[in-house]
1. Of K447/K541; K406/K570; K47/K250; K259/K455, which ones are farther than 22 Å apart at the Cα?
2. Which of M490, M116 comes first, and how do the rest follow, when ranked by fewest Cβ neighbours within 10 Å?
3. Within a Cβ distance under 11 Å of P583, other residues only, what is the Lys/Arg minus Asp/Glu net charge?
4. Putting +1 on Lys and Arg Cβ atoms and -1 on Asp and Glu Cβ atoms, find which of V155, A366, L547 reaches farthest to the positive end of the dipole of the chain.
5. Which GluC sites (Glu not before Pro) from region 478-556 combine a DSSP loop assignment with at most 15 other Cβ atoms within 10 Å?
6. For the pair T510 and D342, what calculated FRET efficiency results from E = 1/(1 + (r/R0)^6), where r is the Cβ-Cβ distance and R0 = 60 Å, to the nearest 0.05?
7. What lysines sit close enough to K207 to cross-link, taking a C-alpha to C-alpha distance under 22 Å and skipping anything fewer than 8 places away on the same chain?
8. Between N604 and N38, what is the label-to-label distance in nm when each label sits 7 Å out along the Cα-to-Cβ direction?
Amino acid sequence: MCGIVGFNGKLQAAPILLDGLSKLEYRGYDSAGMAVRNDEGEVNVVKAKGRLKALSDKTDGGKTLPGTCGIGHTRWATHGEPSENNAHPHCSDDGNVTAVHNGIFENYQEIKEKLMKSGYTFYSQTDTECAVKLIDYYYKKYKMGPIDAIAKTMVRVRGSYALCVMFKDYPGDIFVARKESPMIVGLSEGNSYVASDVPAILKYTNKVYYIDNMEMARLGKGEVEFYNVDGEVIEKELVTIDWDAEAAEKGGYEHFMMKEIHEQPKAVKDTINSVVKDNKIDLTNLGLSDEEIKDISNIIIVACGSAYHVGVVAQYVFEDLAKIPVRVELASEFRYRKPLLDPKTLVIVVSQSGETADSLAALREAKNRGIKTLGIVNVVGSSIARDADNVFYTLAGPEIAVATTKAYSTQLIACYLLAIQFGLVRGELTAEQSINLIAELQTLPEKIERILTDKERIQWFAAKFAAAKDVFFIGRGIDYAVCLEGSLKMKEISYIHSEAYAAGELKHGTISLIEDGTLVISVLTQNALFEKTVSNMVEVKSRGAYLMGLTSYGHYQVEDTAEFTVYIPKTDEHFAASLAVIPLQLMGYYISVARGLDVDKPRNLAKSVTVE
Ligand code: F6R
């Protein structure tokens, strides 16, 4: 969950580290630090508690840390409170080894005790300090080179890590190692970069190497060498990333979240076009044959957070269009509950980052049990993308705001496309029905665009409720699934307590929370459920609720019950979530802005949750 950047080349390192870290702040932002080696070979470390700005101010934008080789870190605390002392980089007692780390060393206590017996002292509460000192211990005790000392440490520690290490005796190099935490290496003329994620270095190069589990690398100036855990040199493939640097910038918007909300029409369109050719869906690039699709007995969708909410929508759509039984599970539950899996099950793992620890573990659990897996993933080359048997890449581009918007929307699209194709191949949809559904999908980008042109109305309404204490979202069927996402958007960035409830379930307890003026947002896009949900709206209204209705044009009778109504364009009901979610994303955004909060980096959260 932390962000790492390293640079070794012809330019001043500190400004590049700060710039790269600013692109990774979404991964953690409670403290930050840099270690830069100057021309005399001395390593200077500066750390600051709080946002990256504090580190930038402390080093005058990096100017007070001269040198062309350095490593930097932005932290999301796991072991030890957020403080300057616990911030990375960490150093061995004599400054021989300096390192930054993303991940968790699970057996750090045991290592700490062993090292203390050998005379090491500890200044922080972090697991990282233990690993740094273990590297130093092996390096000195066995008089081995950096690669061997790191490899020995990799075998000794348990847990996950992306590590970036500098040795006093090797002033020309940075060493890196990886297990389970993402890390990429990039090269440009005379310069080498290492980072936890592509946006950190995209401005400088789009040619990257992905470091795999239990691999290491040595970065010289503009050159890199890779090693396996036995210390043998290995070859790796250079991958060209086709995201442009601009995609990772705010582009005139005040926040990444708003920019990403506006990028949804394009992201949705690109994702549709990636598999739709001549009004037909072609899944050849995913590697899923018609025979395999016909052979599937049931689907389990596994994911976390918003990606899980996509799964809840997909469940309705798959079952209705393809008539396949679908179960949706939280990855953190699935991985530990010893699920009964039919050999013909397809496990679909949905993940923007492709690095979410629980989703990755669930994927591996399914694979170990011999079950076919499909990843719906945004980040190319991420762990889930590489481990899944088949991958459907969503084309959302880099998503920087912690609260997902465009990735969620493209994940929905991927699910719709799969459901249509599964329905067609399994004989549940005719060719004509499939063509009509695809044609309807293709209208979604323009319809999302239309909703966005009316965003000021939502802004006005959001400002009225910026001081709300509780908000409830109610709906049935797919509308309930949208409520789950709307409610998460609201609470994660505005810090207002909110709950999503299946509208018919309210009266079984939750309705007692409704007081005079409590905001209840009701989603009504499903014709067959419309009247039922209106009845539930009336129930809460008679207990004092203030009602906002969210429905499709034509359902004007909602205004008889709701105090404020937002309309979305009509679409096939299976796809209504793609439109209904947009006003809810805007609601969360505008309330957060009205409350003066940090929309893109809400407290306690990180974009990519690489710990359990
Ligand atoms: C909420 C949000 C999270 C993620 C979740 C899974 O706005 O972004 O709930 O959806 O952490 O992340 P990925 O999709 O990267 O696996």
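1. On the way: K447/K541 31 Å; K406/K570 20 Å; K47/K250 26 Å; K259/K455 13 Å.
The pairs that break the limit, which is 22 Å between Cα atoms, are K447/K541; K47/K250.
2. M116, M490
3. +2
4. Selected residue: V155.
5. When the GluC sites (Glu not before Pro) of region 478-556 are filtered for loop state and at most 15 Cβ neighbours within 10 Å, E515 remain.
6. On the way: r = 35 Å, r/R0 = 0.59.
Calculated value: 0.95.
7. Hits, sequence-local ones excluded: K10, K23, K179, K221, K236.
8. 4.3
Throughout, read-outs are computed from the coordinates displayed, never taken from laboratory work. Predicted model, so just to flag it, every value in this text is computed and none were measured. Because the Cβ atoms are built from the backbone with ideal geometry, glycine has one as well, and the counts that use them run over all protein chains shown.
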